[in-house]
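Reviewing the structure listed below.
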Amino acid sequence: SMSVQLGDNTQTTTKGTTTNLKTVVIERCRDYIRTFPQMSSNNCDAIWEAFQNSFLGKDPCNVKVEDYDLFITTVQQDIPCNKSLFWSKTSQIAHDFAKATKCLMTLEDTLLGYMMDGLKWCGKQHSKELNYTSCPGWVECELNPVRSFWRRASAHFAELACGNVMVMLNGSIDTPFNKQSIFGSVEIKRFDSEKINYISIRVIDSLQDRVSCNSMSLEDLGKILKNASLNFDCKDIDKSEVERCINDPIPHSCDCVN
Ligand code: N1C
């Protein structure tokens, strides 16, 4: 069963690899290529092979981020400038926003993220098989296959970012910018000031009159961006405002969060 929810990184043990993982991944890959015919240089069977070679036969608590390097290069996709949307602790609203407005794309809108979204997988040491009984949870061990994949794919997605990009953070928590998150520990370090023109930080607040952009957490983020010579601005946006543009979107426009 599909046991992993988007943004749910608290799940621990018990569940193993997603049922029919190979079929799900290959079907999603073909589905994506049908939707975007410019992606047809990709071979979904070769992509599956490269994916499983990243973690099969390995201790599921010792799959390194670099173990996915070959897999990442097997997937060919150009990411247009001015389109990338990063997020942290705003998974639902960020994806709903991207989907409704079509103005931006998240990692899950790329082939890599689309294939693996919500899935769980692991192998076993000295075995060529997938483990359908039990895989480590997100926090159970650092080097689990799912976490290492998202770290690797996120690094790649951030490296490719160019032009103006957006980041959606959660203003309803104490640390909207968390240095331990994938955004804070992986993506931000891969942003290239030679390629990125501007970063629009949007903090989505569920209480009115929140001023999260002035918080210590956002100050930390500002320092890191300044040190990296990255241009940015930060705006607090009411969650209800974002919900309004999700429910009544202006196609291909991000106006409501600018
Ligand atoms: O740790 P996070 O957020 O800061 O990671 C989000 C950040 C985004 O900008 C994405 O580009 O990293 C990328 N990313 C995903 O695209 C993604 N899809 C699904 C990171 N994690 C992703 N997941 C799952 O969400 C992952 O399995 C883990 O459970 C969460 C991390 O979300 P977060 O802590 O809200």
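The values are calculated or read from the model by the stated rules, or taken from the named source; none is laboratory data. What you see is a predicted model; the values in this text were computed from it and never measured. Reconstructed Cβ throughout: ideal geometry from the backbone, glycine too, with neighbour counts over all protein chains shown.
Miscellaneous remarks
- Enumeration of residues in the range 170-199 that are among the small types (Gly, Ala, Ser), crowded, with 16+ Cβ neighbours inside 10 Å and closer than 26 Å to Phe149 by Cα: Ser181, Gly184
- Single match in Ala46, Ala94 (criterion: buried (at least 17 other Cβ atoms within 10 Å of the Cβ) and either within 14 Å of the ligand (Cβ to nearest atom) or assigned to a helix (DSSP H, G or I) (or both)): Ala94
- Residues in the range 156-174 that are of a type outside the set (A, V, I, L, M, F, W, C), within 11 Å of the ligand (Cβ to nearest atom) and farther than 13 Å from Ile79 by Cβ: Asn170 alone.
- Summed over the range 144-179, the residues that are within 30 Å of Cys122 (Cα to Cα) and modelled with pLDDT under 95 give a count of 0.
- When Val75 is tested against (1) over 27 Å from Val242 (Cβ atoms); (2) within 17 Å of the chain's Cα centre (by Cα); (3) touching a residue at least 60 places away in the same chain (Cβ under 8 Å), just one condition goes unmet, and that condition is (3).
- Unique match (being more than 14 Å from the ligand (Cβ to nearest atom) and on the phi > 0 side of the Ramachandran plot) among Asn62, Asn82, Asn131: Asn82
- Cβ-Cβ under 6 Å pairs, at least 6 apart or on other chains, the range 232-253 side on the phi < 0 side of the Ramachandran plot and among the aliphatic types (A, V, I, L, M), far side part of a helix (DSSP H, G or I) and modelled with pLDDT under 95: Ile237/Val257
A quick yes/no check of all residues on (1) in a helix (DSSP H, G or I); (2) of a type outside the set (Asp, Glu); (3) within 16 Å of the ligand (Cβ to nearest atom):
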site	(1), (2), (3)
Ser154	yes, yes, yes
Ser185	yes, yes, yes
Glu194	no, no, no
Ser240	yes, yes, no
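- Applying the condition of being over 22 Å from the mean Cα position of the chain (by Cα) and in a helix (DSSP H, G or I) to the range 246-256 and asking which residue is surrounded by the most Cβ atoms within 10 Å (Cβ to Cβ) yields Cys256.
- Enumeration of residues in the range 196-224 that are within 15 Å of the ligand (Cβ to nearest atom), assigned to a helix (DSSP H, G or I) and either free of Cβ contacts under 8 Å to residues at least 40 places away in the same chain or not aliphatic (A, V, I, L, M) (or both): Ser217, Asp220, Ile224
- Here Ser41 fulfils each of the conditions (1) farther than 30 Å from His252 by Cβ; (2) modelled with pLDDT of 95 or more; (3) in a loop (DSSP other than H, G, I, E, B) apart from (1).
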